[in-house]
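Down below is the structure, laid out as structure tokens.
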Amino acid sequence: MGKKVVLITGTNSGFGYLTAKSAAAKGYTVYATIRDVNGRNADKAKELSAVDNVNVVELDVTDGEGVNRVVADLIAKEGQLDVVVNNAGFYGGGLAETYTADDIEKMFDVNVKGLWRVTKASLAQMRKQGEGLIVNISSGLGRFSAPFMTVYNGTKFAVEGLTEGLHYEVRPLGVDVVLIQPGAFPTEIFGKVAYGSDQGVASAYGDLAKIPEQIGAGMGQMFETVKPDPQMVPDAVLQLIDTPKGQRPLRTVVDAMTGDFVEKANKQVAEQHAGFLTAFGMKDLLA
């Protein structure tokens, strides 16, 4: 195979945008997917299109046929697909009870089902190659569920579960499926926060309903004090790409502010999980 071909979702902003530029700078052939390239994201699509090694592609991860078509076209053109970075997603805050079933479906459709659509569409080629890497952008909130971010946390818990099981299923076939767990970083995700549509219930919570706003203010102060650099996440992605297959860790924490307790939790769970797999006759999957 020639130079690595990398597909990245959600490249119109944040980690996805930075990862696309960083991977292109390494000389990889990058397919940067963006929704609504001729509308609200036209400027960012034009900017990325001007970067060497970047191909901007229209993609909405909630469109299953569109996902299959984009992946198939990429493979037909390049003859390979080496890396997928599932980054597309959006954040939601506020009281959990304000979220209707439709609100939850919308968030899971992007953050979980969208990730799975891209993963499933890519696996056949990677299995055929006998190698490949899928990096799923999760969160420290996929390990601990913080209040007033409950529905968003649920999507990240789902990403963690899908990734962890799949990691062991396909690693013997040469494919690595791994997680990056970022902490909070000052990216555009906080400028596009979703809230539940049933706000009528909020009044029953009294002062508790004010806490999400307080969290936002506190986070802003932390950003000013710690100044976490979002480039840390693309750097972690590139490090995973450079790591030989079969040696990539299942979870990589990238958190300048609170990562230590996530690291400790990951270590403890990994030890118990290894015991579980061994007890059920799957010890060979740990190698």
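Quick rundown of the values:
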| quantity | calculated |
| --- | --- |
| Residue in segment 66-81 that is in a helix (DSSP H, G or I) and within 14 Å of the chain's Cα centre (by Cα) present | no |
| Any helices (runs of 4 or more DSSP H) falling wholly within segment 198-285 and containing at least 2 residues that are in contact with a strand residue (DSSP E or B) (Cβ under 8 Å, 6 or more places away or on another chain) and closer than 21 Å to ALA23 by Cβ | 232-242 |
| Single unsatisfied condition, ASN38 versus (1) surrounded by fewer than 17 Cβ atoms within 10 Å (Cβ to Cβ); (2) within 14 Å of the chain's Cα centre (by Cα) | (2) |
| Hey, GLY16 open to solvent by less than 20 Å² (accessible area, probe 1.4 Å), of a type outside the set (D, E, K, R) and in contact with a Gly (Cβ under 6 Å, 6 or more places away or on another chain) or not | yes |
| Segments classed as helices (runs of 4 or more DSSP H), wholly inside segment 90-178, with at least 2 members that are of a type in the set (A, V, I, L, M, F, W, C), open to solvent by 40 Å² or more (accessible area, probe 1.4 Å) and within 15 Å of LYS245 (Cα to Cα) | none |
| Single condition TYR195 does not satisfy, out of (1) surrounded by fewer than 19 Cβ atoms within 10 Å (Cβ to Cβ); (2) modelled with pLDDT of 95 or more; (3) touching a strand residue (DSSP E or B) at 6+ places or on another chain (Cβ under 9 Å) | (2) |
| Among residues of segment 76-89, those that are surrounded by fewer than 18 Cβ atoms within 10 Å (Cβ to Cβ) and aliphatic (A, V, I, L, M), counted | 1 |
| Qualifying residues in segment 240-271 (those that are among the polar types (S, T, N, Q) and at pLDDT 95 or above) - the one surrounded by the fewest Cβ atoms within 10 Å (Cβ to Cβ) | GLN247 |
| Every residue from segment 1-29 that is assigned to a strand (DSSP E or B) and within 16 Å of GLN231 (Cβ to Cβ) | ILE8 |
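The values are calculated or read from the model by the stated rules, or taken from the named source; none is laboratory data. If you're wondering where the values come from, they're calculated on a predicted model, not measured in any experiment. Please note: Cβ atoms are built from the backbone with ideal geometry, for glycine as well, and neighbour counts cover all protein chains shown. Areas reflect the complete protein model, heavy atoms only, side chains present, ligands, DNA and RNA absent. Shrake-Rupley method; radii C 1.70, N 1.55, O 1.52, S 1.80 Å.
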